[in-house]
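The values are calculated or read from the model by the stated rules, or taken from the named source; none is laboratory data. Because the structure is a prediction, the values reported are computed rather than measured. No Cβ is skipped: glycine too gets one built from the backbone with ideal geometry, and neighbour counts run over all protein chains shown. In case anyone asks, the SASA skips ligands and DNA or RNA and just uses the protein heavy atoms, side chains included. Shrake-Rupley method; radii C 1.70, N 1.55, O 1.52, S 1.80 Å.
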Amino acid sequence: MCGIVGFTGRRQACPILLDGLEHLEYRGYDSAGIAISDGNKDHPLHIRRVKGRLRALREMTHDGQTEQGSSGIGHTRWATHGEPTVENAHPHVSGEGRVAVVHNGIIENYQDLRVTLEKRGYVFQSQTDTETVAHLLDYYYKGDAVDAIMRTVMHLRGSFALGILFQDRPGEVWGVRRDSPLIAATSDDGAFIASDVPAILPYTRNVCYLNNMEIVHLTEDGAEFFNMDGEHIDKDFQQVQWDVEAAEKGGYAHFMLKEIHEQPKAMQDTIHPHIRDGRIVLDELGMSDEEIRAVRRIQMVACGSAWHVCMTARYVMEQMAGLPVDVDLASEFRYRNPVLEEGTLLMVVSQSGETADSLAALRYGKDHGMRTLAIVNVMGSSIAREADRVFYTSAGPEIAVATTKAYSTQLAACYMLAMHFAIVRGTMSEEDYSRHVTALLALPHQIEQLLGCENRMQWLAGKYANSRDAFFIGRGLDYASVLEGALKLKEISYIHAEAYAAGELKHGTISLIEKGSMVLAVATQKELLEKEVSNIVEVKSRGATMLGLTMEGNYAMEDQVDFTIYVPRTEDCFYPSLVVIPLQLLAYYVSLARGIDVDKPRNLAKSVTVE
Ligand code: F6R
């Protein structure tokens with residue numbers, strides 16, 4: 001949802017900004033721009049902006065060589081207000097170039113602000129909400145940057161992470177945030193701000209996460225921080241553990257393919273630290289057995305694929321721990337005035353930990369007295385900081401817009417929570433528990449094995465690449481899995497794909513099925529196999545081309561479908577972790593066959609920090 005970066009120090013800023021933006025392009029890639037100060041406060045800031053991808057900005061600046069200066073800010077945009085054009089690209093400037101701003105987030109009251117600013121004589125050059133911030137800063141700036149920033153942000157409703165340059169303060173970069181992420185970092189060469197860690201990793205690991213309404217001031221000697229009273233505050237820096245390679249392609253054609261292949265390790269890293277002597281140990285969660293026994297109901301909220309994880313978790317948690325589980329889309333939950341009973345545990349699932357709707361849902365729950373537990377991948381993210389309890393997944397940085405390894409590790413976290421809750425609450429026998437622990441530990445290896453079906457999935461993708469529609473069907477847990485399969489395919493291949501609970505087809509959807517319709521059926525739940533086979537037969541007899549995804553040994557499937565893919569055997573509740581692998585590979589190769597930019601599909605961004 002837009003990436004921002006800033007640098008000041010003892011090196012040329014432009015190449016550093018371009019590199020940083022390259023690592024943030026996953027957040028948006030509609031346009032890109034930079035503002036550079038050449039160190040002379042009488043010279044205007046150099047602004048360069050392009051429509052489209054960052055490479056156009058690289059070309060325009062000869063890889064950053066044409067813009068001389070050791071401080072600057074940069075932006076890569078995911079358009080919200082105004083089309084992706086040069087005029088709407090950031091940085092936005094005011095006061096004939098006295099102030100330049102890059103912004104991630106949404107200023108909700110920008111129209112009111114615009115009217116006020118126009119009355120004050122400001123002329124707008126773009127349709128963006130961000131330009132109001134540039135003009136407000138110019139209006140309030142009388143030589144004291146902290147004061148101008150404080151006054152400006154007091155007038156803003158909505159979310160923002162801002163990077164700011166003042167023409168008359170060469171060598172300084174300013175930043176401030178509310179509800180959109182911003183980090184500061186320092187190295188021997190200077191200081192940085194960025195929306196996310198990968199942007200600064202080639203230069204430093206020394207990182208500080210800004211809290212809401214904190215201001216950062218960068219100079220070549222480091223970073224200092226202020227609160228909204230204009231007072232200096234001390235903040236801790238942390239050493240980022242993962243390295244640059246983790247955020248690079250490492251020989252794979254795309255991040256998505258790399259991340260698909262990283263799943264055995266990501267699963268291993270998420271599961272193994274929590275298993276000791278055959279038991280699940282969740283000490284870091286800090287939830288006592290009494291607290292777990294006091295839970296009466298679970299309310300899960302998330303967006304997109306993380307919501308699919310919740311749909312899976314509902315089946316698993318209800319079955320194992322005997323707890324009622326409700327699942328909501330975060331964007332719906334926060335506005336539907338949900339009735340929240342005492343004893344409800346609110347669980348939020350989020351890779352980035354910054355998704356605006358999920359964060360708002362978490363805050364809603366807290367405001368209504370609920371205990372909260374978050375499953376998050378990014379350390380120090382807003383959701384991780386605000387939840388009462390946090391279960392960190394260890395997927396490492398996920399760059400491709402379409403999630404793969406984060407989804408898998410979120411599933412693993414949910415399995416472990418369900419099993420732990422079940423044993424504490426006495427709803428699972430010791431025998432079942434040990435069997436499930438053994439099966440859980442086997443998942444990383446089974447995923448590795450399954451990745452062997454890559455060539456077959458590539459071949460199948462070739463056959464289906466020209467489909468107009470695709471239908472995914474499943475029952476029970478398989479329904480949760482097909483929701484994810486359909487989303488993966490549609491978001492990166494642009495083929496219209498829908499998931500249906502197989503039993504629902506005859507209530508309307510089956511009228512869409514015609515000769516040649518592509519239907520993919522997932523069937524792994526023993527209790528439901530016969531019922532699903534009936535649904536498959538119904539669809540097949542209407543002329544659909546059927547693809548079946550089932551477990552080894554269920555060879556009867558081959559009689560009903562045109563192609564079958566087998567996954568290794570596991571416990572029923574863990575099949576979602578296996579069936580998703582061929583579904584991800586299918587989506588990846590269909591996208592590739594259609595010539596789409598797999599890692600950066602149109603209209604999407606990795607981290608959705610706006611509503
Ligand atoms: C789809 C995808 C999205 C995210 C969703 C939530 O491939 O990645 O649907 O799952 O935007 O994001 P997080 O997990 O960061 O809250």
Work out the FRET efficiency for D147 and D236 from their Cβ-Cβ distance, taking R0 = 30 Å, and round it to the nearest 0.05.
-> 0.70
Short version: ³J(HN,Hα) in whole Hz for each residue of segment 231-241, in order, from phi by Karplus 6.51 cos²θ - 1.76 cosθ + 1.60 (θ = phi - 60°), x for Gly and Pro, what are they?
-> 8, 4, 10, 8, 9, 8, 9, 10, 8, 5, 7
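Counting only protein heavy atoms and using a 1.4 Å probe, what share of the accessible area of the chain belongs to carbon plus sulfur, as a whole percent?
Values: 10620 of 23040 Å².
Using a 1.4 Å probe with all protein chains present, the chain comes out at 46 percent carbon and sulfur.
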Extending each Cα 7 Å along its Cβ direction at I510 and N212, get the distance between those two points in nm, one decimal.
-> 5.1 nm
Between H272 and D326, 0.36 nm times their residue separation minus their Cα-Cα distance comes to what?
-> 16.6 nm
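Of the cross-linked pairs K258/K506; K488/K540; K405/K526; K515/K600; K142/K600; K506/K526, which ones have a Cα-Cα span greater than 30 Å in the structure shown?
Working: K258/K506 39 Å; K488/K540 24 Å; K405/K526 26 Å; K515/K600 33 Å; K142/K600 42 Å; K506/K526 22 Å.
In this structure, K258/K506; K515/K600; K142/K600 exceed 30 Å between Cα atoms.
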Spatial separation of Cα centroids for segment 485-562 and segment 36-102, in angstrom | 50 Å
Length gained when the stretch E538-E118 is fully extended (0.36 nm per residue, less Cα-Cα span) | 144.9 nm
Per-pair calculated FRET efficiency, R0 = 30 Å: M60 and E96 via Cβ, rounded to 0.05 = 0.85
May I have the pair-distance distribution P(r) for the chain, computed from all Cα-Cα distances with 20 Å bins from 0 and rounded to whole percent?
-> 20, 49, 27, 4
Search the structure for amide H atoms under 5 Å from the amide H of G52, placed 1.01 Å from N in the peptide plane, and list their residues when 5 or more places away or on another chain.
-> S31, A32
With contacts defined as alpha carbon pairs under 8 Å and 6 or more residues apart, what's the relative contact order of the chain in percent?
-> 12 percent
Per residue, how many Å² of accessible area does the chain show with a 1.4 Å probe?
-> 38 Å²
For segment 297-307, Karplus-derived ³J(HN,Hα) couplings (6.51, -1.76, 1.60; θ = phi - 60°; whole Hz; x for glycine and proline) come out as 7, 10, 10, 9, 9, 5, 10, x, 4, 5, 5
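So what is the 222 nm mean residue ellipticity for the chain from helices alone, if each DSSP H run of at least 4 adds -39500 (n - 2.57) and you divide by all residues, rounding to the nearest 500 deg cm²/dmol? Provide the component values of the computation, followed by the final result.
Working: 18 runs with 211 residues, N = 611.
The helix-only estimate for the chain comes to -10500 deg cm²/dmol at 222 nm.
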Nonlocal amide H pairs with R157, under 5 Å, H built at 1.01 Å | E108, N109
DSSP beta bridge pairing in the chain, given as percent antiparallel to the nearest 5 | 60 percent
